[in-house]
Amino acid sequence: MYLVRPADFADLPALERLAQQAGIGITNFPANRERLNDKIASSRRSFMTDVVQPGDESYLFVLVETKTEQIVGCCGIDAIVGADTPFYSYRIDEVVHASPQLQIHNRIPALFLCHDYSGTSRLIALVVDKAHQNLTAMSLLSKARLLFIARHPERFTKRLFVELRGENDKHGHSAFWDALGRHFFSMDFKKADYLSGVSNKHFIAELMPRYPIYVPTLPEAAQEVIGVVHEDSSQSADILLDEGFEFRGYVDIFDAGPTVEARTESLHTIAQQKMGKALILTETCKGAMHLISAGHLEDFRVTAAPAEPQTAGLGIEKTTQERLGISSGSRIQWVTL
Amino acid sequence: MYLVRPADFADLPALERLAQQAGIGITNFPANRERLNDKIASSRRSFMTDVVQPGDESYLFVLVETKTEQIVGCCGIDAIVGADTPFYSYRIDEVVHASPQLQIHNRIPALFLCHDYSGTSRLIALVVDKAHQNLTAMSLLSKARLLFIARHPERFTKRLFVELRGENDKHGHSAFWDALGRHFFSMDFKKADYLSGVSNKHFIAELMPRYPIYVPTLPEAAQEVIGVVHEDSSQSADILLDEGFEFRGYVDIFDAGPTVEARTESLHTIAQQKMGKALILTETCKGAMHLISAGHLEDFRVTAAPAEPQTAGLGIEKTTQERLGISSGSRIQWVTL
Amino acid sequence: MMVIRPICQNDLESLCRLADKTGIGFTSLVADEAILKKKIEGAVRSFAKDNVTTPHNEDYLMVLEDTATGDVVGTCGILSTVGLDEPFYSYHLGTITHASRELGVHNAIPTLILNNDFTGCSEICTLFLEENYRHSKNGQLLSKARFMFMAQFPERFTEKVFAEMRGVSDENGVSPLWESLGRHFFSIDFKEADELTSQGSKQFIAELMPNNPVYVNLLPKEARDVLGQVHQNTIPARRLLEQEGFRYENYVDIFDGGPSLEARVQDIRAVRESRLCLANIGQPKDVREGVSEGNYYLVSNAKVKDFRCILIQRLTPPGSAMTLTQEEADALCIESKEPIRIVELSPYSRR
Amino acid sequence: MMVIRPICQNDLESLCRLADKTGIGFTSLVADEAILKKKIEGAVRSFAKDNVTTPHNEDYLMVLEDTATGDVVGTCGILSTVGLDEPFYSYHLGTITHASRELGVHNAIPTLILNNDFTGCSEICTLFLEENYRHSKNGQLLSKARFMFMAQFPERFTEKVFAEMRGVSDENGVSPLWESLGRHFFSIDFKEADELTSQGSKQFIAELMPNNPVYVNLLPKEARDVLGQVHQNTIPARRLLEQEGFRYENYVDIFDGGPSLEARVQDIRAVRESRLCLANIGQPKDVREGVSEGNYYLVSNAKVKDFRCILIQRLTPPGSAMTLTQEEADALCIESKEPIRIVELSPYSRR
């Protein structure tokens, strides 16, 4: 079974191993020990800080396989992006060029560099060990964050977004990057991706094209991957879309992977989650799988288990109770998985 | 009492008089007899045509003072604008210019020429004789259109918009025009306004600035009137805002008057309107004022009168029945005013 | 003898014949009789104007006539201004740099910026010579006769003058720049766009072309390579203008990327070095009957309506007066002691 | 005698003194000792380079020394390239036409387009002369000595060279263009922006300036009026460059709208007309002791590291050899029979 909890320093070796597996295109999660250590430190600080409104906090969670106590996945939330340096995206807008005289009416999609997601909370870096990429583990990890947000709404903005990894081949070559970014950055995608994760993003302002890019003037291979999710990420993408995230025409400036967004309150998990008492069942539970969380901030825990909603609260099995480390009658949050 | 009905050729002299009163800034309603006659003809054609989806129809309604049978106001709906030549607006977008080094973060509003309302239904030209500019007459005239749209939804788009007249002084001088349009059109506001009403709008494409206009670089007098409603139009503006129309950052390219828009189905009058039988009351009605319509297409009629909603239908007075030319039991539409 | 003279109404048939022989990318001569007739009328009106003090909308179209046969075998023209009726578009090839000191990256990226910078400028244009007359320096006479006219009547032209050179396209008229850029915005093919333009209709350019600068580094190599390059057949014409002082200042054609060359009138060699002198008529000492030798000189008269320009050869450089043969004087429409303008045909003698 | 020579380490104090006397809008000399010291070091390194075949990042800063007192009283410089470390910005004053045939309206609207077109170009700059030395053609010597250097070492510069001229601002340093345009985007004042730029920090320009063309017709009249205009005090300097063949090609400073003037090196009069000859040392026949008469000539040696340039007067034009006085030869650091370069100071003699 699985449990999601805040990351701690002891998780560093496991996170490093995951980052190496994750590979290119996950800029928020670079395989750099020092940087990962910083991320854990920043996360611990964030969990422990009193927050009135979202600021530069970032929260990192790990997915634990409870039998072996192994770390098999991680994910995170940035309370706000673009606070220090702007957060860049491409917005795909259609430019209308029409000539009544020639009876031509062209709507030409163009990429406009923008900061539209600056100041918004972001879900980041869902990484799961290959052996554990099953729907339960993936959904648990993805949605655990939403339960955390539901529990601590004052720590996040009213809108959330997620960047989905864009299409590139197994060598990490992105057709979009080769057609566009490469000309402006004079480096390969790997390097730009890495820099974007570890450096302040000043260099993006310095090097990115300042004028709109007309999509039809790009090579076809590049056009084809705009807004397309990397196949390795299609499962996490589906989970998010089912939650209610929508594509609104924004893509990543490096690999053109789509960005999806939602109003926090309208997400399925957040809208449907309930709070109440934990009731311990004496026999095996026949109810549906539920996402169940307990505790708050640094004690926050989420697991997935069968449960039976009752008038007085949620009926869970003893093993689930133990996994979450709660007593009968503890306040818990839940939602059907 | 007042009645709203489709315009007919016999209304031409009255409409001409109204157009002269209306003055500058109502480009859809020029004081030009030939042009007005065309408008009536086009409206009559539109009412009589079978329509599956909105096209180039335009509907013109008049407000009749029933005691004197005088035409004291008019208004209209264009099923779609921008079908032949694009419909131009300025969209106010903020351009972010930030320098982390200098700790400067500027959000500079700029006007972008766009066609975003092309292909949308528009409410047009609410004009009411000075002596009849009371809330009842104004509301009746404004909302009668919405009842018509509710009655014939297939004839209109899912979004509606209205252009509100922008601020200009009593001589028709628009500070916005003087600062911007004048330089590109080499003519005065009156002339441009007139041409925009009577000519095909090709000249706008030819003469309008093609690059964004940065608002802070305009003279202050011009900046101040962007999105400001002409004081003579504040009453009609209030009626529309109460209905649920919203300003979404679009202004007129000539006088920077605001454009307000709404999803058709979410407008108060359309969402709340009911359909049922007319029940004739034998005594004076003590109910609230209602907007009541009868008939469809060229027989469409709307009046405002006290009425009493009942389970079987709407109870109305005999005079109201006569004004609408219906019998007891006729199907009518209504909504509280 | 080959003589340059203003076009006249009788030349319509010849002009139609010449127009037929031009091809795609030659937008100033369209094989349409009505248009050509109007063009001739415009030219006749322009040459007939007296007392012109500033350029307006004159079109000085001239022809090259073979006096032996009476055939018109070439054309050349000067527009006193462009872009005042219909907008005149070009691309300016500019530079945008993107540099990050932190990363040690410095990119200077060329950009194409749509503009009307030549609005109100004089343009030399409509240069065409029949194939079987492309010898004996006829091409140079045709091109440079215009500078003699400009030297004599500078008040009729703007300080700066430019020439559009035909850009690169293949034997099927396919232009690499058009295929990579224009096509995406026009939804019509190069030929059609080219024809529309030549018919004076240019509003559609503003309507359809992108307003924003286009990053040249994003264009395919074959498109980048033709920016500022002339068509194979136009290389000699380009060299000729460059020898006269015309320079490529990073303006290119919006369709095929062909360069515009520009010069200040007073800096054009043939203008700067040409001088007026008085004509004597007789037998020049250094001309031997039937023998062609010596340096080439352009000689023109000083008339507008009856402008003439010819090419002569002399062994000794002309001084403050010049002796012309009767044939030469006749070709120039001058009498003895009338002023003529003279200049070496090329910057280097004997070429 | 007044001599132009490369700056050297010992000139730091003098340079600081001069920098103090410049003012706002003179961005190439900032009164900051550390910066000036670095600048001198850069110049010393540049002059010390042998075998330069193409321009890189040299900064040829020279000074004008009064040999009578040993005082350094002026500076002038040439940058072999600009914009390769930090982006170099300018505005191009272009034209956009909007025309409606139907309405008979035709508007040619000037636009300002942000660019880095001068990237990689050589620039003449840092011209400053102390007030009490502004006589005896010292200003011309200071400005034109650079052309002698360029004539001698063209491989060290690009084909085109330009100069930025100070734009219009009032006695308080208020620039009408800045007030109407830059201020809205920078939220800082002109002086501050100017200082940042002069310290080599230009990234903020890209970050803050509008990307899109600015319509000049929408700017207030006082801002429009200064585009391409120089500051009152800079009018003589502009005229001087224009006489040498520099031209305003519609590039202006992004802050104050001052014009950039440009020329191809080979077209600069002082470059084109200067010639090498061998120096004789002795008493020139046409120079009378203690009397100043005749035409002015710039004379320079042909050395890089020990470059020298002076101004002399002669009654007769120099031929293939030239006789210099011992004092003149000493000022030029040459021996008899060494090559010198000479040119008339002005396009018109006696001026």
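Select from D:LEU18, B:PHE245, A:LEU337 the residue farthest towards the positive end of the dipole of the protein assembly as shown; place +1 on Cβ of Lys and Arg, -1 on Cβ of Asp and Glu, and compute about the Cα centre.
Farthest along the dipole direction, towards plus: A:LEU337.
Output the peptides D:304-312, D:225-233 sorted from most to least packed, where packing is the average of other Cβ atoms within 10 Å over each peptide's residues.
Highest-to-lowest ranking by the protection proxy: D:304-312, D:225-233.
How crowded by other chains is B:107-116, given as the mean number of beta carbons from other chains within 10 Å of each beta carbon?
2
Looking at the square roots a ≥ b ≥ c of the eigenvalues of the Cα gyration tensor of the range D:274-344, which shape do they give, rounded for a/c under 1.5, prolate if a/b is larger than b/c, or oblate? Write out the running numbers ahead of the final one.
Working: a/c = 1.61, a/b = 1.46, b/c = 1.11.
It comes out prolate by the Cα gyration axes.
Please identify the helices of chain A, taking whole runs of DSSP H, that span at least 18 Å along their own axis as judged from the Cα atoms and have a mean Kyte-Doolittle score of 1.6 or higher.
none
In the neighborhood of D:GLN232, defined by Cβ-to-Cβ distances under 12 Å, what is the net charge if each Lys or Arg adds +1 and each Asp or Glu adds -1?
Result for the neighbourhood of D:GLN232: 0.
Please check chain A for the longest run free of trypsin sites (Lys or Arg not before Pro) that are loop-located per DSSP (anything but H, G, I, E, B) and have at most 15 other Cβ atoms within 10 Å.
Here the longest run is A:171-285.
Report the GluC sites (Glu not before Pro) located in the range A:199-260 that are in a DSSP loop and have at most 14 other Cβ atoms inside 10 Å of their Cβ, or state none. Could the numbers behind the result be given before it?
Values: sites: A:GLU206, A:GLU220, A:GLU224, A:GLU231, A:GLU243, A:GLU246; in loops: none.
Those that pass, being in a loop and sparsely packed, number zero.
Mind checking the mean number of beta-carbon atoms from other chains within 10 Å of the Cβ atoms in C:103-114?
That average works out to 6.
Any idea how far the Cα center of the range B:55-109 sits from the one of the range D:1-74, in Å?
Their Cα centres are 62 Å away from one another.
In the range B:21-125, which GluC sites (Glu not before Pro) are in a loop and have at most 13 other Cβ atoms within 10 Å, using DSSP for the loop call?
For GluC sites (Glu not before Pro) across the range B:21-125 that sit outside H, G, I, E and B with at most 13 neighbouring Cβ atoms in 10 Å, the list reads B:GLU69.
Taking neighbour counts of Cβ atoms within 10 Å as a proxy for exposure, in what order, fewest first, do A:ASP50, D:ASP117, B:ASP178 appear?
So the ranking, lowest neighbour count to highest, is A:ASP50, B:ASP178, D:ASP117.
Among A:ALA110, C:THR81, A:LEU291, flag the residue with its Cα farthest along the positive direction of the charge dipole of the protein assembly as shown, charges on Cβ as +1 for Lys/Arg and -1 for Asp/Glu.
Toward the positive end, the furthest listed residue is A:LEU291.
If you find the alpha carbon centre of the range B:194-248 and of the range D:166-220, how far apart are they in angstrom?
Centre-to-centre distance over Cα atoms comes out at 30 Å.
If the label point is 7 Å along Cα→Cβ of D:GLN243, which residues in the range D:57-91 have backbone nitrogen under 18 Å from it?
none
Going through the DSSP H helices of chain D, which span 18 Å or more along their own axis at the Cα atoms while scoring at least -0.5 as a mean Kyte-Doolittle hydropathy? Display every interim value, and only then the final one.
Values: long enough: D:33-48 (22 Å, 0.05); D:138-152 (21 Å, 0.03).
Membrane-span-like by this criterion, though nothing is claimed about a membrane: D:33-48, D:138-152.
Pick from D:SER100, D:SER336, D:SER28: which is most flexible by mean-square fluctuation in a GNM of chain D where alpha carbon atoms under 10 Å apart are linked?
Of D:SER100, D:SER336, D:SER28, the Gaussian network model singles out D:SER100 as fluctuating most.
Could you tell me which GluC sites (Glu not before Pro) in the range C:294-351 are loop residues by DSSP with no more than 10 other beta carbons within 10 angstrom of their beta carbon?
When the GluC sites (Glu not before Pro) of the range C:294-351 are filtered for loop state and at most 10 Cβ neighbours within 10 Å, C:GLU335 remain.
Place +1 on the Cβ of every Lys and Arg and -1 on the Cβ of every Asp and Glu in chain B, take the dipole about the Cα centre, and give the residue among B:GLY73, B:PRO209, B:ALA222 whose Cα lies farthest towards its positive end.
Value: B:GLY73.
So if I place +1 on the C-beta of Lys and Arg and -1 on the C-beta of Asp and Glu, and nothing else carries charge, what would the dipole magnitude of the protein assembly as shown be about its Cα centre? I want it in debye, nearest 20.
Around 220 debye, computed over the protein assembly as shown.
Ranked by Cβ crowding within 10 angstrom, fewest neighbours first, how are A:HIS173, A:HIS115, C:HIS135 ordered?
Taking fewest neighbouring Cβ atoms as first place, the list is C:HIS135, A:HIS173, A:HIS115.
Between chains C and D there is a rotation axis; tell me the chain C residue with the nearest beta carbon and how many whole Å away it sits.
C:ILE113, 3
I want to verify a result. In a Gaussian network model of chain A, Cα cutoff 10 Å, which of these has the top mean-square fluctuation: A:ILE80, A:ILE326, A:ILE124?
Residue with maximal mean-square fluctuation among A:ILE80, A:ILE326, A:ILE124: A:ILE326.
Quick one: if the Förster radius is 60 Å, what FRET efficiency do A:ALA10 and B:GLN53 give, using the C-beta to C-beta distance and rounding to 0.05? Write down the numbers at each step before the final one.
Values: r = 64 Å, r/R0 = 1.07.
With R0 = 60 Å, the Cβ-Cβ based efficiency is 0.40.
Work out the FRET efficiency for D:ALA31 and D:ILE235 from their Cβ-Cβ distance, taking R0 = 22 Å, and round it to the nearest 0.05.
Values: r = 25 Å, r/R0 = 1.14.
Between D:ALA31 and D:ILE235 the formula returns 0.30.
Let me spell out the model: positive unit charges on the Cβ of Lys and Arg, negative unit charges on the Cβ of Asp and Glu, origin at the Cα centre of chain C. What dipole size does that give, in debye rounded to 20?
1100 debye
What's the FRET efficiency of C:GLU327 with C:VAL52 using the Cβ-Cβ distance as r and R₀ = 35 Å, to the nearest 0.05?
Numbers: r = 31 Å, r/R0 = 0.89.
E(calc), rounded to 0.05, equals 0.65.
Just how far, in whole angstrom, is the range B:286-335 from the range C:278-319 if you go by their alpha carbon centroids?
Each part's Cα centre sits 100 Å from the other's.
Give, rounded to the nearest 20 debye, the magnitude of the charge dipole that the range A:273-336 has about its Cα centre when Lys and Arg contribute +1 at Cβ and Asp and Glu contribute -1 at Cβ.
Magnitude of the dipole: close to 120 debye.
Quick one: order C:LEU129, C:LEU324 by neighbouring beta-carbon count within 10 Å, fewest to most.
Working: C:LEU129 21, C:LEU324 25.
The order, fewest Cβ neighbours first, is C:LEU129, C:LEU324.
Provide a whole-number value for the mean count of partner chain Cβ atoms within 10 Å of the Cβ atoms in peptide C:212-223. Could the numbers behind the result be given before it?
On the way: counts 13, 10, 5, 10, 1, 5, 11, 1, 2, 0, 0, 1.
Rounded to a whole number, the mean comes out at 5.
Can you give the local net charge around D:GLY94? Use residues other than it whose beta-carbon is closer than 14 angstrom to its beta-carbon, Lys and Arg +1, Asp and Glu -1.
-3
Values quoted throughout were computed directly from the atomic coordinates according to the rules given, and no laboratory measurement underlies them. All of these numbers come straight from a predicted model, not from anything done at the bench. For neighbour counting, all protein chains shown are included, and Cβ atoms are generated from backbone atoms with ideal geometry for every residue, glycine included.
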